[in-house]
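First comes the structure, then the notes that go with it.
Coordinate-derived values only; no laboratory data. The model shown is predicted, which means the values in this text are computed figures rather than measured ones. Using ideal geometry, Cβ is built from the backbone for each residue, glycine included, and neighbour counts are taken over all protein chains shown.
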Amino acid sequence: MKAHTACAVAALCTAAVLVPMRADAQDEQALQFQGSLYLYVPSVGGRTILGPRESGVQIGIDPNKVLEHWNPTVMGTLEVHQGRWGGFTDLLYIDLRNTKAASTDLTIGGVPLPAGASAQTTYDLQGQAWTVGGTYRGIPDRDSPVDVLAGVRLLSVRQSLDWQTSGNLGSIPVQGRSGNQSVSLSNWDVVVGVKGRLTMVRERTWFVPYYVDIGTGESTFTWQLMLGFGWSFGWGELIGAWRHLDYRMKSDRSIESLSFSGPTLGAQWRW
């Protein structure tokens, strides 16, 4: 607050030609906020093993092959900047429920379903990926700024599967031919990356937003990429983009890998 007052007093005491320069300096140090809300339609991939390891009847699934269709979900971000420093938080919420399909893409006790068999499944996936971190504006260009970032990300998910097999089951164990299992995971990872935009036209109406990070911690490796197009209309922006979030877990985890990939469409507001 004292710095702002000093700038105001100095501006009143200088010649009129210097007033815009002082105003720009104040603007650079003022708190600036940006919020966004997106509709996200991801496909889900990966590999999950359900059931206790000692049972010998573990169920292996790839969500991308079990789910019948893509399901929309929501994501949002909030950013704050003062000068070159800033902070942000990003939340992706996933809720895929009651999706049923006749599938052959299961393994039971490490054995794929025989060609003459199928499984009626109900697969649910719920969870969130929450990132929070700090930023530093490495390139403070008005039209094409670049921020470096560091923070942490929490992945918290729960998967469940009900299955009922039918047909020529061959060597599939009897105790694995039907049932229900669930597995949960909560992972914290440290992430680093860059984000920014490239302005495409002189009027600064069209731009290319981008975001990339990599990290590790309770996961073996995680990475995220977002790339798209945006249109600015003064106090806000409309953005369409593709977003991919990928995880590779450690060997003792039931969820071996998990990924979300798909288009987003949303709006950003600045104040």
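List of remarks:
- 3J(HN,Hα) along segment 187-202, derived from phi through the Karplus expression 6.51 cos²θ - 1.76 cosθ + 1.60 where θ = phi - 60°, amounts to 10, 10, 9, 8, 10, 9, x, 9, 8, x, 8, 10, 6, 9, 10, 4 Hz, with x in place of Gly and Pro.
- The Cβ shell under 13 Å around VAL146 holds other residues with a net charge of +2, Lys and Arg each +1, Asp and Glu each -1.
- Per-residue HN-Hα couplings for segment 41-46 [Karplus 6.51, -1.76, 1.60; θ = phi - 60°; Hz; x = Gly/Pro]: 10, x, 8, 10, x, x
- Pairwise FRET efficiency - GLU256 versus VAL146, Cβ, R0 = 30 Å, nearest 0.05: 0.30
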